[in-house]
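The values are calculated or read from the model by the stated rules, or taken from the named source; none is laboratory data. Note that the structure is a prediction, hence the values are computed from the model and not measured. Cβ sites come from the backbone with ideal geometry, for glycine too, and all protein chains shown count toward neighbours. Areas reflect the complete protein model, heavy atoms only, side chains present, ligands, DNA and RNA absent. Shrake-Rupley method; radii C 1.70, N 1.55, O 1.52, S 1.80 Å.
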Amino acid sequence: MDIFNRIIAIILPVFIIIGLGYAYARYKGEGLKDDMLAVNRVSMDVLCPLLVFTALAAKDFDVAHNAWLILAGCLIALGSGLLAWPVARLFGYDVRSFVPPMMYNNCGNMGLPLAALAFGASGLSAAVALFMACNLVYFTVGIMIIQRGHPDHKASPFKFLLSPMMLAMMAGMLFALLQWRLPIFLFTALKMLGDACIPIMLFALGVRMLDINFSSWRIGMVGAIVCPLAGILMALLLEQVLPLSATQRGQMYLFAALPPAVFCFMVAEQYQQEPDKVASIVLLGNLAALVFVPLGLWLGLR
């Protein structure tokens, strides 16, 4: 029950910020969505990359110790996308809208604090390892799926490799592997900017809720179920073959049960890839986390 109360304490602020974004959008009207485009661009180009970089460049992140866990995170993300593909075909959903959110879960703003609460401060390094693995898969395979059919894809299909998120992830990995450290005042400033992207993304998601209709709610319900179930199924398979410690096993199941990330909506907005439907997947997925995250914790700690 204590863990369940902690989950509620993490998820409720998420929905409060989303609700404030929705209420503000209702008050300001349709014109606010155009204003949010500039805010979203700053989040995509500056704030979110800094969140990734500072998570990887932090002094408590150990690549070698978490190598098997990083592999598990990559395989769960890839396997979830593979399992979600036939579901998208079955229901007639656009694969570019449905599959990438199944591959990129809320391992940042939900996974990191949950890991710290469930496993203590020592578990944060493992959570960062899974965060890195999920980013690696999404910003390679996931973005390539979204880019299919996009006007930029034919001209430069590998343009995403030079995106701010990919560059931030590569720089963070370099710092982690070589154990470089930024001056504390510089690292603190970058981390403050990175942390700002989380409430901004949630607020922007609330604004986008104005466009959600009944058909969007249906794809949202399917995505809310498929994302954690596919992840948990992959974790059950990987538990049999990967030499994980008891704590790493618990972290893996918690990671597998997380809902789709809010960042998926930001990417869908950037590519104009049915952002209303992706917003519904994210919103209902985070609500379903009240059921699936306790299930993941139970499986990991049993």
Do we find that residue 238 is hydrophobic (A, V, I, L, M, F, W, C), surrounded by 19 or more Cβ atoms within 10 Å (Cβ to Cβ) and outside any helix (DSSP H, G or I) in this structure? no
So, first residue closer than 15 Å to residue 280 by Cβ in region 82-101, second residue polar (S, T, N, Q) and open to solvent by less than 70 Å² (accessible area, probe 1.4 Å), Cβ within less than 6 Å, six or more apart or across chains; the pairs are 97/273
For region 172-189, state whether one or more residues are within 17 Å of residue 44 (Cβ to Cβ), modelled with pLDDT of 90 or more and of a type in the set (A, V, I, L, M, F, W, C). no
Within region 50-63, does at least one residue satisfy the condition of being basic (Lys, Arg) and within 24 Å of residue 174 (Cα to Cα)? yes
Please determine, by comparing only the residues of region 84-115 that are closer than 20 Å to residue 135 by Cβ and open to solvent by 40 Å² or more (accessible area, probe 1.4 Å), which one is modelled with the lowest pLDDT. 113
With respect to the numbered conditions (1) surrounded by fewer than 18 Cβ atoms within 10 Å (Cβ to Cβ); (2) in contact with a Leu (Cβ under 7 Å, 6 or more places away or on another chain), which one is the sole condition not fulfilled by residue 118? (1)
Are any of the residues in region 45-66 in a helix (DSSP H, G or I), touching a residue at least 60 places away in the same chain (Cβ under 8 Å) and among the basic types (Lys, Arg)? no
Residues in region 202-235 that are over 21 Å from residue 257 (Cα atoms) and assigned to a helix (DSSP H, G or I): how many? 12
